Number of protein chains: 2
Amino acid sequence: MIDKKRITINQITTNNLSLQQAVAAYAKAGLRGITPWRDKIEQAGLATSKAIIADAGLTVTGFCIAGLFTQKGVEGRQVQIDEARRAIDMAAALGSPSIVTVVGGLLPGSRSLADARGFAFDALAETLAHARACGVTLAIEALHPMYAPDWSVVATLRDANDWCDRLGEGTGLAVDSYHVWWDPTAAAEIARAGRAGRLSALHVSDWLPDTRSLLLDRGIPGEGVIDNRGIVQTMKEAGFDGWTEVEIFSERLWAEPADDVLRRIIHGCSATL
Amino acid sequence: MIDKKRITINQITTNNLSLQQAVAAYAKAGLRGITPWRDKIEQAGLATSKAIIADAGLTVTGFCIAGLFTQKGVEGRQVQIDEARRAIDMAAALGSPSIVTVVGGLLPGSRSLADARGFAFDALAETLAHARACGVTLAIEALHPMYAPDWSVVATLRDANDWCDRLGEGTGLAVDSYHVWWDPTAAAEIARAGRAGRLSALHVSDWLPDTRSLLLDRGIPGEGVIDNRGIVQTMKEAGFDGWTEVEIFSERLWAEPADDVLRRIIHGCSATL
């Protein structure tokens, strides 16, 4: 059974709370970690955020996000790289060991997967030097293939591993059960990442039966069909001993009181991980 | 530019039409092929269906569907195999060279991908003898990973190829652009299938920006982000010289007049394939 002191909450899970409210709610629930999102940190201010988190005794376990290199097209390349660098600066300032890195989907107006992948890879490579200088690992997250149009043309752990092989030091993997559970090669790729010492983050949520929205209808671990326990076990066997991060994009949960949601998360994780 | 005499319509595209209405509409649009669904054939009667299709000069280019072996659980195994055999009989009676084979999702109440895959594979292997005897190829369709919970734990062409390798003669691949476009290994797997002589079917549709439903919001080729032309070209280069089948699950299109939908399909295919 998972120790709740090793559960961290990705702030998107309580998207309607400010940083201050989120930190208070997580601490009240007996949790010790937070992976903040940039918009929330900017709303509160960086120095204030850092103080709020430290005062509550929480650890910054990750930061969201860097990347989306393709979203503004070829012309927007430098803008996106600069944005990624600023996000890396914030992650470093908050003491986060890594930053969740989502490479971006197809280029606007283009149907070429190959072009998008080449473009995103080069931009990521260009961003890496700054991440290394800041001591923040770029934790590449393979997103579910249904997000390939808009968010990530890296859709499998195999791909993310291949990119890390080519990029080298300073890159790692963010393994999210929602994105990879369907892939029978996931366990082998997690083991491969473990051997390379690049397992940076573990995210869990659940795939609900009759999912209503591609983006905002994830479930609490235990509510759906994902074998989160198996994935957590595979990560452990591969040498990962970090936090278990609960990251749930859900309009349904956002509409509920955060204290209740956190209670259900802790219960779900305890029962199924 | 594609010759419309080589475009065939999967009957789900005009789901609100009876077999008779669909055949009339396809023929009126100048099309020559149909891939019928079993429920529509049963409504019209098998012998009547065969006569209707032949009288209109259409070719039966495929048949839907066999499989879904996991859907009734362990206890329902034989029921599902028997269903698949009956579907194969109908495909043979209609003169279809192949039957679209969808292996099924997770077993009810189970979170084990491995169990579902083992169960589905064994049931598929057991079904194969009958398909061989009938001369109907089991065209295994890798479905998009978002359908893994309910419909298919075979989610990539690589997997489908691996299963065909293990199953041998009488199996093939149904390559559907909607399911595989996101996968950078798809072209290599199509080439692999071509070398093995197992490219049985090619389905096209499109992934719409802001897709609203996981199941029923596909687009006409050209409306979305899929590089259908590239996939068609890859299939040709791999030796596939069969029909280009338009298969669109769309509540939006079902609500429109079928003649208009067929006109837009022919236009979309002509413009983008």
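Can you say whether B:Thr14 is modelled with pLDDT of 95 or more, under 18 Å from B:Gly268 (Cβ atoms) and either of a type in the set (Val, Ile, Thr) or surrounded by fewer than 19 Cβ atoms within 10 Å (Cβ to Cβ) (or both), as far as the supplied structure shows? Let's see the steps before the verdict.
Numbers: modelled with pLDDT of 95 or more: yes; under 18 Å from B:Gly268 (Cβ atoms): yes; either of a type in the set (Val, Ile, Thr) or surrounded by fewer than 19 Cβ atoms within 10 Å (Cβ to Cβ) (or both): yes.
In short, yes.
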Filter result for B:Thr234 (within 13 Å of another protein chain (Cβ to nearest Cβ), touching a helix residue (DSSP H, G or I) at 6+ places or on another chain (Cβ under 6 Å), farther than 23 Å from B:Ala123 by Cβ and not basic (Lys, Arg)): yes
Mind listing whichever residues of region A:195-216 are more than 10 Å from chain B (Cβ to nearest Cβ) and touching a Ser or Thr at 6+ places or on another chain (Cβ under 8 Å)? A:Arg198, A:Ser200, A:Ala201, A:Leu202, A:His203, A:Val204, A:Ser205, A:Leu216
Candidate set from region B:66-83 (those that are aliphatic (A, V, I, L, M) and more than 12 Å from B:Val136 (Cα to Cα)); member that is surrounded by the most Cβ atoms within 10 Å (Cβ to Cβ): B:Leu68
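To keep it simple, each residue is scored yes or no on (1) away from every other protein chain (no Cβ under 14 Å); (2) over 16 Å from the mean Cα position of the chain (by Cα).
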| site | (1), (2) |
| --- | --- |
| A:Leu68 | yes, no |
| A:Val74 | yes, yes |
| A:Arg77 | yes, yes |
| A:Ile88 | yes, no |
| A:Ser98 | yes, no |
| A:Val102 | yes, no |
| A:Leu113 | no, yes |
| A:Ala123 | yes, yes |
Listing of strands (runs of 3 or more DSSP E) fully contained in region A:121-229 that carry 2 or more residues being in contact with a His (Cβ under 7 Å, 6 or more places away or on another chain): A:171-176
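Based on this model, can you work out whether B:Lys28 counts as farther than 21 Å from B:Leu202 by Cβ, of a type in the set (D, E, K, R), surrounded by fewer than 19 Cβ atoms within 10 Å (Cβ to Cβ) and touching a residue at least 40 places away in the same chain (Cβ under 8 Å)? Let's see the steps before the verdict.
Working: farther than 21 Å from B:Leu202 by Cβ: yes; of a type in the set (D, E, K, R): yes; surrounded by fewer than 19 Cβ atoms within 10 Å (Cβ to Cβ): yes; touching a residue at least 40 places away in the same chain (Cβ under 8 Å): yes.
In short, yes.
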Cβ contacts < 6 Å: first residue more than 21 Å from A:Ser49 (Cβ to Cβ), restricted to region A:74-92; second residue open to solvent by 50 Å² or more (accessible area, probe 1.4 Å), any location; separation 6+ or different chain. Result? A:Val79/A:Lys72; A:Gln80/A:Lys72; A:Ile81/A:Glu126
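Would you confirm, using the coordinates I've provided, whether B:Arg158 is within 14 Å of chain A (Cβ to nearest Cβ) and at negative phi? Walk me through how you get there before you give the answer.
Details: within 14 Å of chain A (Cβ to nearest Cβ): yes; at negative phi: yes.
So B:Arg158 fits the description; yes.
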One residue from B:Asp82, B:Asp39, B:Asp55 being at pLDDT 95 or above, under 17 Å from the mean Cα position of the chain (by Cα) and of a type outside the set (Ser, Thr, Tyr): B:Asp39
Please give the number of the condition A:Ala129 fails out of (1) of a type in the set (A, V, I, L, M); (2) without any contact (Cβ under 8 Å) to a residue 12 or more places away in the chain; (3) open to solvent by less than 20 Å² (accessible area, probe 1.4 Å). (3)
Looking only at residues that are open to solvent by 10 Å² or more (accessible area, probe 1.4 Å) and within 9 Å of chain A (Cβ to nearest Cβ) in region B:161-185, which one is nearest to B:Gly224 (Cα to Cα)? B:Trp181
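The values are calculated or read from the model by the stated rules, or taken from the named source; none is laboratory data. Everything numeric in this text was worked out from a predicted model, so none of it was measured. As a convention, Cβ positions derive from the backbone with ideal geometry for all residues, glycine included, and neighbour counts pool all protein chains shown. Keep in mind that these areas ignore ligands, DNA and RNA; they rest on the heavy atoms of the full protein, side chains included. Shrake-Rupley method; radii C 1.70, N 1.55, O 1.52, S 1.80 Å.
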